[in-house]
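Trainee: First the structure, then my questions, so here it is.
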Amino acid sequence: MMNVHMDNTFPNTSYKERPGPAICTTFMLDTYQRAQAVHFAVEEINKTPNVLPNITLGFQLFDSCVVLQRAVSGTLQLLSGHGKPVPNYQCIQKTQLAAVIGHSSSTYSISLAHILGLYRYPQISHFATSPLLSNHIQFRSFFRTVPSDAFQSQGLAQLVLHFGWTWIGLVAIDDDYGQQGIQMVKRDIIKAGACVAFTETIISSQQDRNAPHIARVVKDSTATAVVIFSNDIDLSFVLDEMLRQNVTGKVWIASEAWSTSSSLSVSKYSRLLLGTIGFALHSGSMPGFGDFLNKINPSMVVGNQWMKTLWEQVFGCKIQDKIFPKVQPNSSIKECTGQENLETIRNSYNDVSSLRVPYNIYTAVHVVAKSLDDLEKCKKGGGPFPNGACADIENFKPWQLLHYMKKLRLNTSDGRQLFFDENGDPPAVYDIVNWQLGPEGKLQQVKVGSYDTSITSGNIFTINTSHIHWGTGDLGVPVSVCSPSCPPGFRKAARRGEPSCCFQCIPCPTGEMANQMDSLQCKICPWDMWPNPTQDYCVPNTEEFLSHEDPLGITLTATGISSSLVPMGIFGIFICYRTTPIVRANNYSLSCLLLVSLSLCFLCSLVFIGYPQYEICILRQVTFGVVFALCVSCILAKTIMVVIAFKATRPGSQLRKWTRPHVSYLIVISCILIQIFICIMWLTFSPPFSEVNSESNSGVLVIQCNEGSPLAFWAMLGYLGLLAFISFIVAFLARRLPDSFNEAKFITFSMLAFLSVWLSYIPASLSSRGKYMVAMEIFAIQSSTWGLVICMFLPKCYIIVFRPDMNSREKLMAKQNNHTN
């Protein structure tokens, strides 16, 4: 049961009489080749001595003309053996029906399987691929020599994903084959992560097959790859419409039903179908089949009417018969002689270069013959039926042959082994073909890969991309995506209301990276690394600290060392002029101690420069706090001693005993001890330590000293501020005392400068990060120290060095007397 004619027409119906039968039209050369494959296989088996010896196989062939009613009627005729279908009655007696081969359509095969399954007649389809037929509970006697579309859908999904196509269009015929096949492809495509751009149906009941709408959808869609599940006849309507609408730039993925169609491999569709890629049934070899096709003649009895039609179509002539008795002399139609030679013609009928559907028909005939041979060779007592019984080859039941068919193991002509699984399906083997232009400019299908589920080791999917020719004009593989891939450094973000394949690319946030294409999420680099400028990989962070090699560090180091020499220089001047009145009047010993502490203040800034090791972190602030406490306590002692000395000069003053040097030393020691106590408590309970800060500055690891206890740090700094503030207040109140006995106004200015610097440091330090925060503290140290040096000692040095005439007792006493007067 097959289609020899691929189209039909129905006579007009008057509704007054029984409608007439459909009229077969469009005789197809390649489908007639399939019919000849049955004839060839039967003759080959009958000539083989070791297969069914003394038994002759015969066959009846029915043409359904793509009409379901004709297929059902023909099946009932096979069962009844009568010219008209007689259900549940068998007229044939001399010969026995063994099996039915067909149909090529899945929908037709389902209808036939319901009928044949009632009687357990084996049915073998050579082209029906619907997965519905794999239900062996519903279709108990159905087999096929082609794989189920369940395997093809998986392979097609793997094919489109192999080329990176994630935005796919789907078109299918509205029968069981198309709808079941396209739904499985859709399921497997979505499961693999791709998306469906559209799904359209070829409506076979409409005259235009819904082609205008399908062509518009395909043309307007951004999807380049389109999977088509259809037969070639219905698809041709859609292709014609696409030519009219000038649909270009598409890659067609063909199902096996049209991937090798000769009716579509014509120059008319070459511009449209060039580059098509799809699955085709595995091709096999049929030795001698080409010669068999070319030896037929209209005079032969078997299939005589079809042979005549073939002859007239191939050679463009008319055969004389009752309907066409004689060609008129002046007629443009020539008469066939019957001596024409098919070997001189190359067409789809005698093309045996790639036998696919005919090979499956040929294999189906051999399946029946092998099953009959196994049944005939059964030994009595060793049969598979009750009590070891065997079936009688002359009078067997359909269910008995069905048993042998289920157990079949057939070695095919191409060296493969054919068998059926529990669902009646053979191993799935497909060729992947690509439509290319041949030497003569005609479309031809070139094998570029395979999909073989029988392979137990290795990859079942293989394809040679370099052998593929694309019809879109692309040098490489065409692109079919809804949105272009997101490069490294970006992540995908879904568009609202659109499939997952439609997205936008968003740059990774600061501090994150994406090192793959189409990343769903950006990743945070390890704590010691940072994204590179393009944010596609992590690089080690740059370590930052105020080093001795840094230009800023070099400058501050040079400034600190050179500045520390200034107090030492003044100290030397004071030693040289220690007997002069101005030095003696300003508490020589306390001034020397203050100069030493000022020099140490400059030098303590050097501790802040360099790699912040644990020991350095402990030494930094403690050294700074103690040295500056010494410096400020000396100034406080000088201020207090100036006030006490002035008060002690009054007659009868009780403060004279407090003017001794040890009082000033006691003040200095007391102030320093308090600061030392604060530092000891700090180091005991929460000492400073070295840490790596990766959050303050992007891409930089700041090596810094953590102060441990912020409270202790600000307590130490606040204590220095307290001493300076007390000195400032006392000096400010004593600023009008005689100049010869005090330095109150110089101390006032020095403390004002000192407090101004450190009050400015607090907000500046809170707004700076990394090495600049350290540099800010060094700057505050050196600036405040310079303020003390300038305000306290610059006027004295000016008088000592440049105005020695003013460095005398008379001048100082004169000032005192003038002040007293």
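Trainee: Among residues belonging to segment 186-197 that are assigned to a helix (DSSP H, G or I) and not basic (Lys, Arg), point out the one that is farthest from residue 450 (Cα to Cα).
Mentor: First pass over segment 186-197, keeping only residues assigned to a helix (DSSP H, G or I): 186-191.
Of the ones still in play, those that are also not basic (Lys, Arg) are 188-190.
On the way: 188: 19, 189: 19, 190: 23 Å.
Top of the filtered list is 190.
Trainee: Now, a different point. Quick test for you: out of 302, 238, 247, pick the one residue that is touching a residue at least 40 places away in the same chain (Cβ under 8 Å), farther than 25 Å from residue 366 by Cα and among the β-branched types (Val, Ile, Thr).
Mentor: Selected residue: 238, the only one of 302, 238, 247 that is touching a residue at least 40 places away in the same chain (Cβ under 8 Å), farther than 25 Å from residue 366 by Cα and among the β-branched types (Val, Ile, Thr).
Trainee: Taking the residues in segment 583-606 that are in contact with a Lys or Arg (Cβ under 8 Å, 6 or more places away or on another chain) and over 14 Å from residue 668 (Cβ atoms) as candidates, determine which candidate is most open to solvent (accessible area, probe 1.4 Å).
Mentor: Residue satisfying both the conditions and the ranking: 584.
Trainee: Among the residues in segment 541-553, are any open to solvent by less than 60 Å² (accessible area, probe 1.4 Å), in contact with a Gly (Cβ under 8 Å, 6 or more places away or on another chain), more than 13 Å from residue 694 (Cα to Cα) and part of a loop (DSSP other than H, G, I, E, B)?
Mentor: yes
Trainee: Report yes if residue 92 is in a loop (DSSP other than H, G, I, E, B), touching a residue at least 12 places away in the same chain (Cβ under 8 Å), over 20 Å from residue 231 (Cα atoms) and touching a Ser or Thr at 6+ places or on another chain (Cβ under 8 Å), otherwise no. Even if it seems obvious, please write down each step before you answer.
Mentor: On the way: in a loop (DSSP other than H, G, I, E, B): yes; touching a residue at least 12 places away in the same chain (Cβ under 8 Å): yes; over 20 Å from residue 231 (Cα atoms): yes; touching a Ser or Thr at 6+ places or on another chain (Cβ under 8 Å): yes.
The answer is yes for residue 92.
Trainee: Could you please give the count of residues in segment 556-578 that are within 18 Å of residue 795 (Cβ to Cβ), open to solvent by 60 Å² or more (accessible area, probe 1.4 Å) and either at pLDDT 90 or above or in a loop (DSSP other than H, G, I, E, B) (or both)?
Mentor: 2
Trainee: Scan (1) surrounded by 17 or more Cβ atoms within 10 Å (Cβ to Cβ); (2) over 24 Å from residue 596 (Cα atoms); (3) at pLDDT below 85 for the single condition residue 773 breaks and write down its number.
Mentor: (3)
Trainee: Looking only at segment 415-451, which residues are assigned to a strand (DSSP E or B), out of contact with any Ser or Thr (no Cβ under 8 Å at 6 or more places or on another chain) and at pLDDT below 90?
Mentor: 417
Trainee: Give the residue, chosen from 783, 756, that is modelled with pLDDT of 85 or more, open to solvent by 20 Å² or more (accessible area, probe 1.4 Å) and within 30 Å of residue 691 (Cβ to Cβ).
Mentor: 783
Trainee: Within segment 433-467, which residues are under 28 Å from residue 263 (Cα atoms), hydroxyl-bearing (Ser, Thr, Tyr) and surrounded by 15 or more Cβ atoms within 10 Å (Cβ to Cβ)?
Mentor: Selection gives 450, 451.
Trainee: Of all residues in segment 9-57 being polar (S, T, N, Q) and surrounded by 17 or more Cβ atoms within 10 Å (Cβ to Cβ), which is modelled with the lowest pLDDT?
Mentor: 31
Trainee: Among the numbered criteria (1) of a type in the set (Ser, Thr, Tyr); (2) in contact with a strand residue (DSSP E or B) (Cβ under 9 Å, 6 or more places away or on another chain); (3) surrounded by 12 or more Cβ atoms within 10 Å (Cβ to Cβ); (4) over 27 Å from residue 135 (Cβ atoms), which one does residue 430 miss?
Mentor: Only one criterion is unmet by residue 430, namely (4).
Trainee: May I ask you to say which residue of 6, 1 is open to solvent by less than 50 Å² (accessible area, probe 1.4 Å) and out of contact with any Phe, Trp or Tyr (no Cβ under 7 Å at 6 or more places or on another chain)? Working first, answer last.
Mentor: Working: 1 fails: out of contact with any Phe, Trp or Tyr (no Cβ under 7 Å at 6 or more places or on another chain).
6 is the lone residue from the list that is open to solvent by less than 50 Å² (accessible area, probe 1.4 Å) and out of contact with any Phe, Trp or Tyr (no Cβ under 7 Å at 6 or more places or on another chain).
Trainee: Scan segment 188-244 for residues that are open to solvent by 10 Å² or more (accessible area, probe 1.4 Å) and in contact with an Asp or Glu (Cβ under 8 Å, 6 or more places away or on another chain) and report the count.
Mentor: 13
Trainee: Still on this structure, please answer the following. Can you tell me which residue within segment 308-339, out of those that are at pLDDT 75 or above, assigned to a loop (DSSP other than H, G, I, E, B) and open to solvent by less than 40 Å² (accessible area, probe 1.4 Å), is nearest to residue 291 (Cα to Cα)?
Mentor: That would be 338.
Trainee: Next question. Is segment 147-156 home to any residue that is surrounded by 24 or more Cβ atoms within 10 Å (Cβ to Cβ), more than 15 Å from residue 280 (Cα to Cα) and in contact with a strand residue (DSSP E or B) (Cβ under 6 Å, 6 or more places away or on another chain)?
Mentor: For segment 147-156, residues surrounded by 24 or more Cβ atoms within 10 Å (Cβ to Cβ), more than 15 Å from residue 280 (Cα to Cα) and in contact with a strand residue (DSSP E or B) (Cβ under 6 Å, 6 or more places away or on another chain): absent.
The values are calculated or read from the model by the stated rules, or taken from the named source; none is laboratory data. From a predicted model like this one, the values you see are computed outputs, not experimental measurements. A quick note on method: Cβ atoms are made from the backbone with ideal geometry, for glycine too, and the neighbour counts reach across all protein chains shown. Please note that ligands, DNA and RNA were not included when accessible areas were found on the heavy atoms of the full protein model with its side chains. Shrake-Rupley method; radii C 1.70, N 1.55, O 1.52, S 1.80 Å.
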